[in-house]
1. Criterion first (farther than 18 Å from G13 by Cα, crowded, with 20+ Cβ neighbours inside 10 Å and not β-branched (V, I, T)) does A84 satisfy it?
2. Inside region 99-138, can you point out the residues that are assigned to a loop (DSSP other than H, G, I, E, B), on the phi < 0 side of the Ramachandran plot and of a type outside the set (K, R)?
3. For V10, only one of the following conditions fails: (1) within 11 Å of the ligand (Cβ to nearest atom); (2) farther than 24 Å from A104 by Cβ; (3) touching a Ser or Thr at 6+ places or on another chain (Cβ under 7 Å). What is its number?
4. Which condition from (1) away from the ligand (no atom under 14 Å from the Cβ); (2) closer than 21 Å to A78 by Cα; (3) out of contact with any strand residue (DSSP E or B) (no Cβ under 8 Å at 6 or more places or on another chain) is the one that T47 breaks?
5. Would you tally the residues in region 62-114 being touching a Phe, Trp or Tyr at 6+ places or on another chain (Cβ under 8 Å) and small (G, A, S)?
6. Name the residues in region 50-92 that are of a type in the set (G, A, S) and within 16 Å of the ligand (Cβ to nearest atom), would you?
7. In the set D48, D52, D101, which member is in contact with a Ser or Thr (Cβ under 8 Å, 6 or more places away or on another chain), modelled with pLDDT of 95 or more and of a type in the set (D, E)?
8. Test of understanding: among G35, G15, which residue is surrounded by 15 or more Cβ atoms within 10 Å (Cβ to Cβ) and at positive phi?
Amino acid sequence: MDNASPVHVVCAGCGAKNRIAAARLGDRPLCGRCGESLLDDQPVELTDANFDAVTAGTELPVLVDFWAPWCGPCRAMAPQFEQAAQTLRGRALLAKVNSDDNPAVSARFGIRSIPTLVRLQRGREVTRQSGAVAASQIVRLATG
Ligand SMILES: [Zn+2]
């Protein structure tokens, strides 16, 4: 990545496409339209409605955690995912999709077991991993 050129990051809150200087990606940039945090220490929430715009329009790696509230291993992994989001702040966008609430995108990715982590680059799947994993593995999956 060229450090001088801006990187596009789409806001999960309002859908605005933001241009962030590469050197500022780790500085918790805010959306220029709605003021929400774009790349915070917390994973963003993606839905059937905003999934394509955010994953295709964001130029950083996007790692999506398909999960559901009733899934014990998903809940067990949640703190690991948040820890990975802190480690990766500014280098990757970590996102969560509640597969119960968002059946369309879950079906499109053929999610049969949760948790499943899917890494996307400009909206295209690069790799995936099923089952709960530790933060260090989540970091490797997002960047390796
Ligand atoms: Zn916004």
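The values are calculated or read from the model by the stated rules, or taken from the named source; none is laboratory data. Quick caveat: nothing in here was measured; it's all calculated off a predicted structure. Glycine also receives a Cβ, built like all others from the backbone with ideal geometry; neighbour counts cover every protein chain displayed.
1. Working: farther than 18 Å from G13 by Cα: yes; crowded, with 20+ Cβ neighbours inside 10 Å: yes; not β-branched (V, I, T): yes.
Yes: the conditions hold for A84.
2. S99, D100, D101, N102, F109, I111, S113, I114, P115, A132, V133, A134
3. Condition not satisfied by V10: (2).
4. Here T47 meets the rest and fails (3).
5. Residues flagged as touching a Phe, Trp or Tyr at 6+ places or on another chain (Cβ under 8 Å) and small (G, A, S) within region 62-114 amount to 3.
6. Answer for region 50-92, where residues must be of a type in the set (G, A, S) and within 16 Å of the ligand (Cβ to nearest atom): A53, G57.
7. Only one candidate passes the filter, namely D101.
8. G15
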